[in-house]
Amino acid sequence: MDYYFKGDYPLSGQFLPLLKKDGLGAFSLKIFKLDSNKFSTLDALILEQYYLLNKEFNLNTLRVVNAGASKGEGVYVYDLTCSTLYYHASSKIELKRVLKIHPETCTKYIDSKIPYLNKFLLLSFLIPTAIQSNLSMAPLKVSELVSIMQKERHNMYTLGTRRSIPVLLEIKKGNTFVPPDTFKDSGVVDSFSPDTLSLLHFDSLTSCIDYLSGLGLTIKRDTLSKYIKSGKEFHNFLCKYSDKALPNNFDNVGLIIDEYKKSRSAGDSPLRGLSKVDSQKVAKLDSLKVNKKNKPILIRHAIKGAVLEEFESITDTIKYFLKINIKLDRKSLYLHLKDGKSYKGYYFSYK
C-alpha cells in the first residue's frame, strides 16, 4: 500500500490520475477477510474476478484476475540440508502469490547455494530423497510457512541485513582494470589461488558493483548474479558469494547443486546413483520440460524404411516439403509425429 500512500506513481490508467487529483479521502477501502479453514486461494481469486467484472467498478483497466502462470519453471523450497521439501511451486508467479517471494528475488537465490531468509534453499530441481514437509499439505499449513517467512523478513529488515549478501571478488592475472601492484601489502587482500592477484571482500553485491563502476566497468546486478551462479570470469574478474553467507556443514548440499548443474549443462542424466523409483520421478519431471518444437525430426521412406532427411525443427521440415510440392502444415505434422502413420510415402519421427 506504500505505493499509493507515497504518491510516487505514474499517472496512467483510470484510477491513478483520479487518486492524484482527489486524494485518498475520495476513496474507500474494503477488505474481505476469508477464513483459511473454509476458503482456498482459488476462492479469493474467484471473488476478485467477480468484482473486476462488476460494471459498478468502472476504473478497472484489467478485467482478468492474475491467477498465475499455469506453465513455467518449477521452484522447490527446501530446508538448508535439502532433506525436507517445504513447498513446490509450478512457476515463479505461483511462488509470489503463495509465499510472497518476488520473481526477481527468486531469480537471485535459485540454485545459488545462498540461503533465502537464512532458513531456506530455492532450487529448480527435485531432490527425490527429500521428505515432503507437513507444512505443504494444506492451506492452513502453507499459511504457517508464510508466517515463518514473514517473521524472518521482519527480523532481517530490522537488522538491515535483508539484501546484504557478502561477496568475494578475485582479480585474476591479465586483468587490465587493476594494476597488479595496487593492493600489494595492503593488508585487506588475501592470497586465494596461483592465478589470483588479489581478493577483495564486499559486504554486498551493490558495493561490489560500485567498486567495479569506479574502475570504469559497468555491469548489471542480474548479469553479475548470473556470473556468480555459473562461476564465469569477466574481464579477468571472478565474483563469488562469501563463505560467510553459507550455513555450517553446507559442503554436501553445495555438491548436490553443482553436480546437478554440471549434468544439465553437459546433457548427461542427473539420475545416476538414484533408485529406480526416484529416477522415474525426476525423469517424468524433466520430460515435461522438453521442447519438442526444436527437437530434430527424422524423415523415413515408407517402403524402404531408410532415413532420407534429418531436420533441426518443424519449420525446416515444412519448408523442405513445400520445395518438393507436398503440402504440409504444422498441425498435420504434429499429428503425423504423434500417430506414426505414413503420409505421402513418408514417416515422421523425433530423433
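Observations
- Amide H to amide H, with H built 1.01 Å from N, ASP111 comes under 5 Å of LEU122, LEU123, SER124, counting only residues 5 or more places away or on other chains.
- Ranked by how many other beta carbons lie within 10 Å on average, peptides 228-238, 211-221 from highest: 228-238, 211-221
- A crude spin-label estimate for the pair ASN37 and LEU52, with each label 7 Å from Cα along the Cβ direction, gives 3.1 nm.
- Taking other Cβ atoms within 10 Å as a rough exposure proxy, ASP43, ASP339 sort from fewest to most as ASP339, ASP43.
- Computed lengthening from ILE148 to ASP339, 0.36 nm per intervening residue step minus Cα-Cα distance: 63.7 nm
- Greater than 25 Å apart at Cα, pairs in LYS21/LYS100; LYS55/LYS141; LYS33/LYS151; LYS30/LYS108; LYS229/LYS351: LYS21/LYS100; LYS55/LYS141; LYS30/LYS108; LYS229/LYS351
- Spacing of the two label points (7 Å from each Cα toward its C-beta) at LYS351 and LYS100, in nm: 4.9
All of the numbers you see were taken from the coordinates with simple rules; none came from a lab. Just so you know, these numbers come straight off a predicted model, no measurement behind them. No Cβ is skipped: glycine too gets one built from the backbone with ideal geometry, and neighbour counts run over all protein chains shown.
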